[in-house]
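A short worksheet on the structure shown next.
The values are calculated or read from the model by the stated rules, or taken from the named source; none is laboratory data. Just so you know, these numbers come straight off a predicted model, no measurement behind them. Methodologically, a virtual Cβ is constructed for each residue, glycine included, from the backbone with ideal geometry; neighbour enumeration extends over all protein chains shown. Just the protein is used for accessible areas: all its heavy atoms, side chains included, with ligands, DNA and RNA removed. Shrake-Rupley method; radii C 1.70, N 1.55, O 1.52, S 1.80 Å.
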Amino acid sequence: MCLPLPNFQDVTVNFDFSDDQRRLQDEVRKMLAATSTSAEVRKVLAGRTAYSEPVWRKLIDMGAAAAAIPETYGGAGLGYLELCLVAEEAGRHLAAVPLSSSFYLAAEALLKGGSEAQKQRWLPRIASGELIATAALGAGETYLATPALRFDGSTLNGKAAAVPDGIAAGLAILSAGEDLVLVDLDSSGVDRRALASLDPTRPHAELNFRDTPAERLQGGRQGADIVARVLNGAAVLLAFEQVGGAARILDISRDYSLERKAFGRQIGSFQALKHKMADIYTRNELARVHAYYGAWALAADAPALPLAAAAARVAATTAFKHAAEEGIEIHGGIGFTWEMDCHLYLRRSRHLGQLIGSEHAWRDRLAHELIEEAA
Amino acid sequence: MDFKDSPEEAAYRAEVRAWLQANSQPRQRADQVFGEGLDDAAKLAAAKAWQARKAQAGYAAITWPKEMGGQGGTAMQEVIYKQEEAGYLVPRMIFENSLGQCLPTIATWALPELKARHLAKGLAGEEIWCQLFSEPAAGSDTGGIRTRADQQGDQWILNGQKVWTSGAHFCDYGILLARSDWDKPKQEGLTMFILDMKAPGVEIRPIHQMSGDAEFNEVFLNDVRIADTHRLGPACGGWKVMLSTLMHERLAVGGHLPTDLHKRLIDLARKCRWNGKPAIDDARVRERVADAFLLQHGVELIIARGLTALSKGKAPGPEMSITKLVAAKAMQDIASFALELAGPEGALSHESIGQDWHYMQRLWLGAPGARVAGGTDEIMKNVIAERVLGLPGEIRNDRKAPFREL
Ligand SMILES: Cc1cc2nc3c(=O)[nH]c(=O)nc-3n(C[C@H](O)[C@H](O)[C@H](O)COP(=O)(O)OP(=O)(O)OC[C@H]3O[C@@H](n4cnc5c(N)ncnc54)[C@H](O)[C@@H]3O)c2cc1C
């Protein structure tokens, strides 16, 4: 009937994941749908456990969590594109696990900045899930004004506020002045205090150090470069969690709008709600393509990474917040209840949106990159 | 996942570059446009000459089979050509409806002898085509068409009025949707025709647009005779033909979105001063630069995804509607903010404030039209809600009844 479709062989514009990568994503999705259920997430919400052990175990055993850690260090040796898709599923299913602390941040800091001995010592233990690691790499935005940690080359003193998964972790990588420092949290002189989070499914802790033995990962200019590189990677990975969460809350809201009736019709037939959901979808898709671009830049270690990461971070943060807020509005009163999962997405959007600095800080970074590029 | 040309693509790009260098002129300024300083007639002649050269080289319809005047090339080659051509002074809008929607519709639905008569000439720009769907009472609701087509032997007699017809004043032919059966429900009584714009009874009146230009027209039809051979698709099958036309519109992913608006914003912000400092140093300005990039590059990336799907043999679906929705509104917001950079002076026309501002001012005045043309924002959101998200259609009471009773 129509024009013969153009000949598409040999076309290599390839802005998508491969079939193998999609298969891995499907497996992770199925596993998480079965294990990271609302009931499971709510065990962490209720504070009965610091993270969801069954979900964590499965993510580790599948090789999903350690997708980007090379095999020589006990990882799956797949790559960042795979880890991005794992992250998307973790976000979609609200996985209450230390994926970002252990894998996007700490393992990455070790990989990028650690000595061979440090990598050999710690990465296999992280990859196998035997050890949870975390990192606090310093943020430009602060209220608590905690004085900088002091590192004298062999011991650490001071306090790190709001360390994600700080209670569960056995290893921390911390910014201390100019240095990036590695601390075994089982050492002497470590004192931890659990903190309450707005998203209790992702707990934080305050860590206090008194003459705690610690070693330097990197120092000076190099340390700062590594921090920037790790944060850019984390921005991309977190964007995938956000994209997954935003897509899921849109699905949930859409389904509800088809069930619920008012004024004799499905509420999803009201144009105000249709357009609201079209807006959510549009923002979600913009976030998705920026995340994809970030994934490409991360995997290719492209010079565009700082720009792509900042774009992914801002687009995904705003999209998830918007989707989570409007998702509750679409549900009406029931959306405001503890029993409905809507608030879990709202809480998670808050956590993910601020974990490595707010959207405002990242938007300014993006502007900086664009202005530099235009110069 | 990668963004690199394959060796074949790189070779094609080099070929295109060489051809463009030999046959066109690169733009000197970012806002330079084709035919500056020429009057309308001279500009049209120059545009036709350009299109003829382009068609001869096979670049007018890269993805079409060779026997239809194309290159038998890939969608990616088409994209590569567009990317390269963007740096050159070539006509932009004149052939858009012709090549993008009308000729593919002809190629799909016209009788073989009409294809032979029109396709090559159309590709070569010798004949230009327009699209006559909208009417005073049928815009978003295209099914509301009232132009009547009455069959008399092997001819059809047309009477009625079309409106918003882009380019009608310089076009030779058009594809036109009219009502041939008033007893059938709305969308089922329509038939598509080829209209000779020079036929007796066709009267074209330019409409003065808010942008100051006159790019679209009213077209009046008084006892215009169209041979039955010039019918496209079956009688009363016009709705389906129109959907195929719009499908080609969607296939033309890429379109004419400016892709460097954030750079223009940066450039203007460097030249403006806010409280004695370059505006570009102000956090509010930096924020808007970032947001401009997010929207614009986002649209480009969505298109790249559509192309990837295309390259795997999947036709772009309704989800591509978001590109137009986002791009038109982004254009409006970015241009609006750009004008604000100059404070009170920013409300002066470019003739007074300076040439630097011409492009953004043109964009600002054109953006409202972009949000309406090809489906309003609201219609696009309905499409996304219904066709992508599966939400219920609008409640309507005009689907079943014979059109004459509505
Ligand atoms: C620059 C330009 C070029 C054009 N070129 C052509 C051309 O070459 N050929 C051609 O045939 N047409 C052309 N058009 C016409 C264009 O397709 C129509 O203007 C458009 O589809 C809107 O129709 P309308 O103007 O009748 O507005 P209406 O349909 O009357 O819309 C008015 C308002 O009502 C809203 N509305 C309507 N229906 C709904 C609904 N179901 N839900 C929510 N809101 C709704 C619209 O969003 C809009 O805000 C052009 C228009 C422009 C601006």
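Here are a few things to note about the model shown:
- Some residue of the stretch B:294-302 being over 24 Å from A:Ala295 (Cα atoms) and either within 8 Å of chain A (Cβ to nearest Cβ) or among the basic types (Lys, Arg) (or both): no
- Residues considered: B:Gln131, B:Gln101. Of these, the only one that is within 16 Å of the ligand (Cβ to nearest atom), within 14 Å of another protein chain (Cβ to nearest Cβ) and not β-branched (Val, Ile, Thr) is B:Gln101.
- Checking the stretch B:105-112 against the condition returns a match, with at least one residue being within 14 Å of chain A (Cβ to nearest Cβ), away from the ligand (no atom under 16 Å from the Cβ) and part of a loop (DSSP other than H, G, I, E, B).
- The stretch B:352-406: number of residues that are in contact with an Asp or Glu (Cβ under 7 Å, 6 or more places away or on another chain), of a type outside the set (A, V, I, L, M), farther than 22 Å from B:Pro316 by Cβ and outside the structural domain of B:Ser336 (by TED's automatic domain parsing): 2
- Of all residues in the stretch B:4-39 being under 30 Å from A:Ala299 (Cα atoms) and touching a residue at least 40 places away in the same chain (Cβ under 8 Å), the one that is farthest from the other protein chains (Cβ to nearest Cβ): B:Arg13
This table checks each residue for (1) within 18 Å of A:Tyr104 (Cα to Cα); (2) polar (S, T, N, Q).
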residue: A:Val163; (1), (2): yes, no
residue: A:Ser175; (1), (2): yes, yes
residue: A:Asp179; (1), (2): no, no
residue: A:Leu195; (1), (2): no, no
residue: A:Leu207; (1), (2): no, no
residue: A:Arg216; (1), (2): no, no
residue: A:Val230; (1), (2): yes, no
residue: A:Leu250; (1), (2): no, no
residue: A:Arg254; (1), (2): no, no
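- Search result, residues across the stretch A:335-355 that are open to solvent by less than 50 Å² (accessible area, probe 1.4 Å) and either in a helix (DSSP H, G or I) or modelled with pLDDT under 95 (or both): A:Gly335, A:Cys342, A:His343, A:Leu344, A:Tyr345, A:Arg348, A:Ser349, A:His351, A:Leu352, A:Gly353
- Answer residue from the stretch B:207-220, given it is away from the ligand (no atom under 12 Å from the Cβ) and loosely packed, with under 14 Cβ neighbours inside 10 Å and is modelled with the highest pLDDT among those: B:His208
- Any hit, the stretch B:396-406, residues being more than 10 Å from the ligand (Cβ to nearest atom), of a type outside the set (Gly, Ala, Ser) and without any contact (Cβ under 8 Å) to a residue 24 or more places away in the chain: yes
- Residue within the stretch B:347-363 that is within 16 Å of the ligand (Cβ to nearest atom) and either away from chain A (no Cβ under 14 Å) or closer than 23 Å to B:Gln32 by Cα (or both) present: yes
- Of all residues in the stretch A:263-282, none are within 13 Å of chain B (Cβ to nearest Cβ) and modelled with pLDDT under 95.
- Within the stretch B:259-302, being part of a loop (DSSP other than H, G, I, E, B) and surrounded by fewer than 18 Cβ atoms within 10 Å (Cβ to Cβ) holds for B:Thr259, B:Asp260, B:Asn275, B:Gly276, B:Asp282.
- Within the stretch B:387-406, the only residue that satisfies the criterion of being buried (at least 17 other Cβ atoms within 10 Å of the Cβ), assigned to a helix (DSSP H, G or I) and within 14 Å of another protein chain (Cβ to nearest Cβ) is B:Val388.
- Scanning the stretch B:87-138 for residues that are open to solvent by 20 Å² or more (accessible area, probe 1.4 Å), within 19 Å of the chain's Cα centre (by Cα) and without any contact (Cβ under 8 Å) to a residue 40 or more places away in the chain turns up B:Leu99, B:Ser134.
- Residue match in the stretch A:206-220 (condition: in a helix (DSSP H, G or I) and surrounded by fewer than 20 Cβ atoms within 10 Å (Cβ to Cβ)): yes
- Per the listing A:Leu123, A:Leu85, the residue uniquely closer than 20 Å to A:Asp26 by Cβ and crowded, with 20+ Cβ neighbours inside 10 Å is A:Leu85.
- Those residues of the stretch B:303-324 which are facing chain A (nearest Cβ under 7 Å) and exposed (fewer than 14 other Cβ atoms within 10 Å of the Cβ), in sequence order: B:Gly313
- Count of the stretch B:139-165 residues which are surrounded by fewer than 18 Cβ atoms within 10 Å (Cβ to Cβ) and either closer than 19 Å to B:Asp223 by Cα or of a type in the set (S, T, N, Q) (or both): 12
- Any chance B:Gln77 is assigned to a helix (DSSP H, G or I) and more than 11 Å from the ligand (Cβ to nearest atom): yes
- Flag for A:Thr142 being hydroxyl-bearing (Ser, Thr, Tyr), surrounded by 22 or more Cβ atoms within 10 Å (Cβ to Cβ) and either closer than 29 Å to A:Ala324 by Cα or in contact with a Leu (Cβ under 9 Å, 6 or more places away or on another chain) (or both): no
- Some residue of the stretch B:140-159 being more than 16 Å from the ligand (Cβ to nearest atom), in contact with a helix residue (DSSP H, G or I) (Cβ under 8 Å, 6 or more places away or on another chain) and within 14 Å of chain A (Cβ to nearest Cβ): no
- Qualifying residue in the stretch A:256-263 (condition: surrounded by fewer than 21 Cβ atoms within 10 Å (Cβ to Cβ) and within 16 Å of the ligand (Cβ to nearest atom)): no
Residue by residue, here is whether (1) touching a Phe, Trp or Tyr at 6+ places or on another chain (Cβ under 6 Å); (2) buried (at least 18 other Cβ atoms within 10 Å of the Cβ) holds:
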position: A:Lys30; (1), (2): no, no
position: A:Leu45; (1), (2): no, yes
position: A:Ala68; (1), (2): yes, yes
position: A:Gly79; (1), (2): no, no
position: A:Leu99; (1), (2): no, yes
position: A:Glu108; (1), (2): no, yes
position: A:Ala133; (1), (2): no, yes
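- Residue pairs meeting the criteria (Cβ under 7 Å; at least 6 apart or on separate chains; first more than 7 Å from every other protein chain (Cβ to nearest Cβ), in the stretch A:357-373; second in a helix (DSSP H, G or I) and of a type in the set (Gly, Ala, Ser)): A:Glu359/A:Gly353; A:Trp362/A:Ala235; A:Trp362/A:Ala310; A:Arg365/A:Ala310; A:Glu369/A:Ala310
- Some residue of the stretch B:63-73 being within 23 Å of B:Asp260 (Cβ to Cβ) and surrounded by 15 or more Cβ atoms within 10 Å (Cβ to Cβ): no
- Scanning the stretch B:54-70 for residues that are more than 9 Å from chain A (Cβ to nearest Cβ) and under 22 Å from the mean Cα position of the chain (by Cα) yields a total of 7.
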